[in-house]
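In what follows, a structure is listed as structure tokens, so that the remarks can point back to it.
Just so you know, all these numbers are worked out from the coordinates, no wet-lab data involved. Model, not experiment: these values are computed from the prediction. No Cβ is skipped: glycine too gets one built from the backbone with ideal geometry, and neighbour counts run over all protein chains shown.
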Amino acid sequence: MKELKISAKIQVCDYNELNPAEKNLIDAAKEAVMRAYAPYSRFQVGAAALLANNEIVTGNNQENVAYPSGLCAERTTLFYANSRFPDTAVDTLAVAAYTNGDFTEEPVSPCGSCRQVILEAQNRYNHPVRMMLYGKKGVYIIEKITDLLPLSFGSF
Ligand SMILES: [Zn+2]
């Protein structure tokens, strides 16, 4: 028997260390937070996707009284991006979350379903989707979604 080890490389930096374009994308995700519809969880999430054509598309979580009918910020954003620019790769996806009157201290990372959808975007365009996860204490930068979804389900 042999053992497989899975590791993920995540860079952690301060918001102030980011370049202006990176700050702009985080800021867009933070703005999108404020338009979230989250009356049930009161946990607002915003996402901003920088596309290969330099467009920035934003989205946020959209909840429903029938809970499973709602959708996360990441998927809302990617589906909206794909519907507007179906031939354009997603370069970077920034995510921020807000609850109890402030942004979260720690970065919030995508749920499993969103990771699968982000992987689809990465595979669809054969272009790594870089993630930037904002927290007040620091920003996590992940160079490709496969770092967050090892042994992923894909087409065979
Ligand atoms: Zn999700």
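Which is the longest run of the chain containing none of the GluC sites (Glu not before Pro) found in DSSP loop states (not H, G, I, E, B) with at most 16 other C-beta atoms within 10 Å? Answer from the scan: 4-54. On a 20 Å Cα-Cα criterion, which of the cross-link pairs LYS5/LYS136; LYS5/LYS144; LYS9/LYS137; LYS9/LYS30 come out too long? Flagged as over cut-off: LYS5/LYS136; LYS9/LYS30. Between TYR140, PRO86, GLY154, the Cα set farthest toward the positive side of the dipole of the chain (charges on each charged residue's Cβ, about the Cα centre) is that of GLY154.
On a straight-distance basis, which aspartates and glutamates could pair with LYS23 in a cross-link, Cα separation under 13 angstrom, same-chain partners fewer than 8 positions away excluded? Within the straight-line limit of under 13 Å, LYS23 reaches these aspartates and glutamates: ASP14, GLU31.
Which residues make up the longest stretch of the chain that has no trypsin sites (Lys or Arg not before Pro) in a DSSP loop with at most 14 other Cβ atoms within 10 Å? Before the final figure, lay out each step's value.
Details: sites that count: LYS2, LYS5, LYS9, ARG35, ARG42, LYS136, LYS137.
The reported range is 43-135.
When shorter helices are ignored and each DSSP H run of at least 4 residues is given -39500 (n - 2.57), the per-residue value for the chain at 222 nm works out to -8000 deg cm²/dmol.
This ranking places VAL65, VAL12, VAL90 by how few other beta-carbon atoms lie within 10 Å of each, fewest first, which gives VAL65, VAL12, VAL90. Result for the chain in a Gaussian network model with C-alpha springs under 10 Å: among GLY135, GLY112, GLY46, the largest mean-square fluctuation is at GLY112.
What full-extension length gain, to one decimal in nm, is calculated for CYS111 and TYR80 as 0.36 nm per residue of separation minus the Cα-Cα distance? Show your work: numbers first, answer last.
Values: separation 31, 0.36 × 31 = 11.16 nm, distance 1.82 nm.
That works out to 9.3 nm of additional length.
A straight chain from LYS9 to PHE43 at 0.36 nm per residue would run longer than the Cα-Cα distance by 9.5 nm.
What FRET efficiency comes out for ASN53 versus MET1 if R0 is 41 angstrom and r is the Cβ-Cβ distance? Round to the nearest 0.05. Don't jump to the answer; show the numbers that get you there.
Details: r = 48 Å, r/R0 = 1.18.
For ASN53 and MET1, the calculated efficiency is 0.25.
Going by the alpha-carbon gyration tensor, a ≥ b ≥ c the square roots of its eigenvalues, is the chain rounded (a/c under 1.5) or, if a/c is not under 1.5, prolate (a/b greater than b/c) versus oblate? The shape class here is rounded. With both labels modelled 7 Å from their Cα along Cα-to-Cβ, the VAL65 to ASP27 distance reads 3.9 nm. Remark on region 41-99: hydrodynamic radius 11.8 angstrom, per the Kirkwood mean of 1/r across alpha carbon pairs.
Stretching ARG35 away from LEU151 to a fully extended chain increases their span by 38.3 nm, per 0.36 nm per residue minus the current alpha-carbon distance.
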